[in-house]
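Okay, structure first, notes after.
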Amino acid sequence: MPLSKKRTLTQYLIEQRRRFPQASGELNALVLDVSIACKAIARQVALGSLAEVPESWAAGEVNVQGEVAKPLDIISNLMLIKQSEWSGHLAGMASEEMAAPYQIPAEHQRGKYLLVFDPLDGSSNLDVNVSVGSIFSILRAPQDVIDSGRDVTEADFLQPGAAQVAAGYALYGPTTMLVLTVGNGVVGFTLDQSLGEFKLTHPDIRVPEDTQEFAINTSNSRFWEPPVKRYVDECLAGRSGPRGKDFNMRWIASMVAEAHRILMRGGVFLYPRDTKDPAKPGRLRLLYEANPIGYVIEQAGGRCSTGRQPMLGVKPSALHQRIGVVFGSKNEVERIERYHHDPVTREAPAPLFAERSLFRD
Ligand code: F6P
Ligand code: MN
């Protein structure tokens, strides 16, 4: 078989580093460690029911979110930790599966980055063999952490998404892909199983600015706020409604897979703040779901928002903070933000929006 001309992840990272002559290569090494963990997770996921798991894990554990963690959630978490803790590039880690930050063990060196991840997003889909993925975000540790090598605290991680140095996800679907930004656009790699290498197959991913496809869990519609109801009603009204065009709808229930579809062909995803549970202002988590996906989407020319303000500007208040999330094609996300700021939409009861011409463009 002739060697393919496609660049590997390592080659891409070396090229990116050349833009910063003073860079040490630590970030590259860290991204490569994450990518190795993702390959290991991909293999484990692909085993499906053939995987041998300890019997004590078979029932699943309840994680910090009060959700049942599947054995694969826990295995993926461990794979990411073990592959990246030894390198000397990390000051600490945090993940959906751990209540508190993870301290780099004393036998390893500590470094300047923080790694934050959702080890297996969409894992409720595992039993039905639908795509899942790992989402990661890399932040710089506060300077006093770097200087002192002290243990990390929750506060060290509470940085806005705009501070991310790199972010991305691995998608375990029909093919395994790694989608990455190091702040210079978005690139996608496909795992070449025969070489065990991620090959650059998508060198410049761009989210189209317009779309006719939206994704939302409509079983929550009775809990939506009026701006979201208005938006969805207008999409559903189709060609004869105020938008004057028909819309298509998708819901995979695996946010990472929805983000990937939107990066490939546009669309808008909403898991908005709603009134379902007053203790939870949204379903998705800010630090390891909304921010990394938001950074990737924005680097690809899309937009990510809480509905009210740009996601990457939000100052986090807790490690496992939940938040309303809207991302995708720029013009559509901006429209949803306008509806949230429109005093009429905010106050009027929702069913009006489908019927009245009040909101016609
Ligand atoms: O991690 C949360 C998650 O699994 C997302 O991947 C997905 O978008 C969402 O939950 C699905 O939520 P629901 O079960 O409400 O459709
Ligand atoms: Mn998740």
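Numbers below:
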{"item": "Length gained when the stretch Ser219-Phe20 is fully extended (0.36 nm per residue, less Cα-Cα span)", "result": "66.8 nm"}
{"item": "Loop-exposed chymotrypsin sites (Phe, Trp or Tyr not before Pro) per DSSP, neighbour cap 16 Cβ within 10 angstrom, longest uninterrupted part of the chain", "result": "87-250"}
{"item": "Charge dipole (debye, nearest 20) of the chain; +1 at Cβ of Lys and Arg, -1 at Cβ of Asp and Glu", "result": "1040 debye"}
{"item": "Separation in nanometres of the label points that stand 7 Å from Cα toward Cβ, at Lys245 and Ile36", "result": "4.6 nm"}
{"item": "Loop-exposed trypsin sites (Lys or Arg not before Pro) per DSSP, neighbour cap 12 Cβ within 10 angstrom, longest uninterrupted part of the chain", "result": "20-244"}
{"item": "Most fluctuating residue given options Gln22, Gln103, Gln321, as computed from a GNM of the chain linking Cα atoms under 10 Å", "result": "Gln22"}
{"item": "Segment 201-329 - charge dipole about Cα centre, Lys and Arg +1 at Cβ, Asp and Glu -1, debye rounded to 20", "result": "320 debye"}
{"item": "Pairwise FRET efficiency - Ser124 versus Arg43, Cβ, R0 = 30 Å, nearest 0.05", "result": "0.90"}
{"item": "Cα gyration tensor category, rounded, prolate or oblate, for segment 7-202 with a/c compared to 1.5", "result": "oblate"}
{"item": "The chain: most fluctuating residue of Leu90, Leu236, Leu263 per GNM, C-alpha cutoff 10 Å", "result": "Leu236"}
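Read-outs throughout are calculated quantities, based only on the coordinates presented, and are distinct from any laboratory measurement. Computed from a predicted structure; not experimentally measured. Note: ideal-geometry Cβ built from the backbone for every residue, glycine included; neighbour counts use all protein chains shown.
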